[in-house]
Every structure is written in C-alpha cells, then in structure tokens.
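A quick write-up on the structure given underneath.
No lab work stands behind these numbers, since they all come straight from the coordinates. Please read these numbers as outputs of a predicted model, since none were measured by experiment. Methodologically, a virtual Cβ is constructed for each residue, glycine included, from the backbone with ideal geometry; neighbour enumeration extends over all protein chains shown.
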Amino acid sequence: MFKIVKDIVRGKLKVSRGRPLTGSERFLLVSLFSRVDRVATLLVPSNIHPQLLDPAYDFVRLTKNWEANLELFDILRKRFPTADAAMPASWLGLAGMGQVEMGTTMRISPMVEPSPDVYALDKMSLEDLDLPKLEGFLKNQIELIVGTQDRYPDINSPPIIEGSFDLAILLRGEKLFNDFILHKSYVNAKNEDQKEKIKKKGDPTFFSRLMDLATEASIHIGKMYKERGVGMLGCVIVNQYANPPIMSPNDFLTYIYPYVETVWKEFKKYRPTAGYMPPSPTVAKEIGDYRALSGIACFNNYMFPQNEIGLTPVAYDEEMIQLSKELKTPYQYLVHGKFLRDGTKEEIEAQVKRVCELAVENKVPFAVGVAAVPLGTDLTKIDLILNSVAKYGVYK
C-alpha cells in the first residue's frame, strides 16, 4: 500500500511540474480520475497474435512455460517502447485461469489461442470438483505476472482474475446457460406447481451451487497471486461471458452481480474492477451505481455496436465523455481489430485524433487501447495510434 501512495504522490508532483509520467503512474492516475500529462495508451500483449511479433513463437511453445511468454513480451516492448502497456504479458489465453487445474481439458494448437476441449463437468460431478492447486497453467500464469512486474516496474501490469461466471463457463460449457434459465425460472415461479414442473426438467439449484463454488475458486486464485507477491493494484475480475448479447444487463445485475461483488469485496483495497462491458452509454450510466462496476475496465466501447468497418458510434463517445465527467470515471476507447486491420492509416489517425481531442477539451482522464490485433494486421498501424495519441492527446 505504501508503494501505491508513493506512486500517486510522485505522479501528481510530476504533473504539477510538467514532467512526463511512467506508464504505471499514468494508468494509476487515469484510474483515479486524476490529472495526467497525456492520454494513456493500452496495448494488451495477449491480444496480439504471437506470429505477428516473432514466427518462432506459437501457442504450443507459449503454453509450455511462462518464460517463453516473458521472452515474447521483451520483443513486444522493444517493438513498441512508448506504449503504457497495461495488463499482463500472457499468450496463455484462457489456459491460465484455473479451470484446467479443476478438471477441464484444453485444446492447444500452434496458431489458435487455447480453448476448452472437454469441460470438467462433462467428466465429473459438481461434488467431485476441488479448488485449484498452484500447478500447471495456473502456476505458469502467476509466475508470468511476477516476472513481468519484476522486469518492468514502470508499466502497469496487474493480474486478470477469472470471475465467477466465466470460471463456471470454463467448467461447464454452454450447458451453463440452460442451468441459468432453469434457475431463473424456478426463482420466479409463482407457485409450487410451477416449481415442481421446473424440477422435472432438471436441478434448479445446480446453477447457484456451481456459482458458489466458482466464486470461492475465483477468490482462492486471487489469493494465490497475493501470496506469491504479485502487485494487485488495478486487478481486473473478468466476466466477459455475462455481457450482451449472451445475457441482458438486467439479468446480469439481478442474478450474476451478487457473485461478482463477493469477489470484488475480497480485493477492494487494490481498486479492482469487475470487467463488465456495457452495450451502450445508457447501460454504462446504470452500472455506475454498482460499486464493483465503477472502474475503467467497465467504462469503454468494447461491446458497443460496430458498423461494417469496425467503428463504434461517434455519438456514443460524446455521451461517454459527458458521463465520464459526471461519474468521475475515466473512459477507455478501444480500436477494434477489424478496423485496425482493414482501416486505412488516414481513417485510423482521424479516429484517434477525434477521441483524444474530445477528452482533452473536456479535461477527462482517458485511455486509447487496441482491442485485438489479428493476423494480417500491419503493425505500423499500432505505431500510428501511439504517435497520434502523443500528438493529439496532450493535456493543456
């Protein structure tokens, strides 16, 4: 905690004296909705296909040990030295989130990010599942964060913890949605006759029992990070599968949020954000009333509708900037993979210029990030984004 306070004070002093911030200081102050020198830049390593950085690295090699991930991250940092590069340097994908150590088998192939092959609950009962031990992919993931934070103390690299709903998906697969529908129907049944009919279709308590276990496991994994000495400030508790169109915002807030908040409370002194992505500014405003959903990881355009070239609505950015001022929450604009790959450099620069000038004019702490970098992308477009932020995103 002392280091956090020190970084805040040092960062604010630098801003008052007109000195540039480190990536870590910049993201910390942006997250606190405090004054910064320029718009922050977010380059999530694992969103860049490894083959774009070095053909010697593929997902088979990268999932074998954490050192290979750190080697590739070194390559990334040399390629894009000016990026503030928040989030961990992991190409383990979903493999490092704990479900493998609980029984799920992953499919590992050279060119495709690891994905579930056989779910734990297809092989065993809920009663047979145990909390994960510090081994396998999970151990590699934790050691990777330790290595990244030790080697690059001046960037922000907090851990990503799989939230209850996402972890439940990785243990159960798409069957979890049927479990949820059954549970919801049972909870809202008007009488005992309806409840008995629902019971004939399956166990309506299965969903809540699995979510209880997944919540316990999510907290358990977060504590593993802490015990290993990982800096937890700004950690993200991800529940991306609970986003629209898979689940409505109302269902998420009613049935899933209580589990999310339980995990959030466990780590709240580290200013975590439960990464829920709103589909519109209206929903962004609504979730601002929920403590666990009030940070930068929830206040972005990631799930906003996209047009045919991968752009989200301009009007939404203007609404989000005004909401940012009202709610004292920084807005994060993400350049989507399709637009990054297929858009012209002129189009990309124009978008970055527009959102940066909007943030600077309104004096709103702001970040520009890259949502994904698919194969076929010209990496000089990332240079263009970083240079454009440096040109148009300096606060007066």
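Brief remarks on what is shown
- Only one entry of I246, I256 meets the criterion of being in a helix (DSSP H, G or I), of a type in the set (A, V, I, L, M, F, W, C) and within 18 Å of the chain's Cα centre (by Cα), and that entry is I256.
- Odd one out for V230 among (1) in a helix (DSSP H, G or I); (2) of a type outside the set (G, A, S); (3) within 22 Å of E101 (Cβ to Cβ): (1)
- Residues located in the range 259-283, provided they are among the aliphatic types (A, V, I, L, M) and over 16 Å from the mean Cα position of the chain (by Cα): V283
- In the set (1) of a type outside the set (A, V, I, L, M); (2) within 17 Å of S164 (Cα to Cα); (3) assigned to a loop (DSSP other than H, G, I, E, B), the condition left unmet by E216 is number (3).
- Number of positions in the range 116-149 that are surrounded by 14 or more Cβ atoms within 10 Å (Cβ to Cβ) and not hydrophobic (A, V, I, L, M, F, W, C): 12
- Criterion: free of Cβ contacts under 8 Å to residues at least 60 places away in the same chain and closer than 30 Å to L233 by Cβ - qualifying residue of P132, P114: P114
- E174 being exposed (fewer than 14 other Cβ atoms within 10 Å of the Cβ), without any contact (Cβ under 8 Å) to a residue 12 or more places away in the chain and closer than 29 Å to R107 by Cβ: yes
- Qualifying positions in the range 77-126 - part of a strand (DSSP E or B) and of a type in the set (V, I, T): T105, V118
- Against the conditions (1) within 12 Å of V39 (Cβ to Cβ); (2) in a loop (DSSP other than H, G, I, E, B); (3) not polar (S, T, N, Q), D378 satisfies every one except (1).
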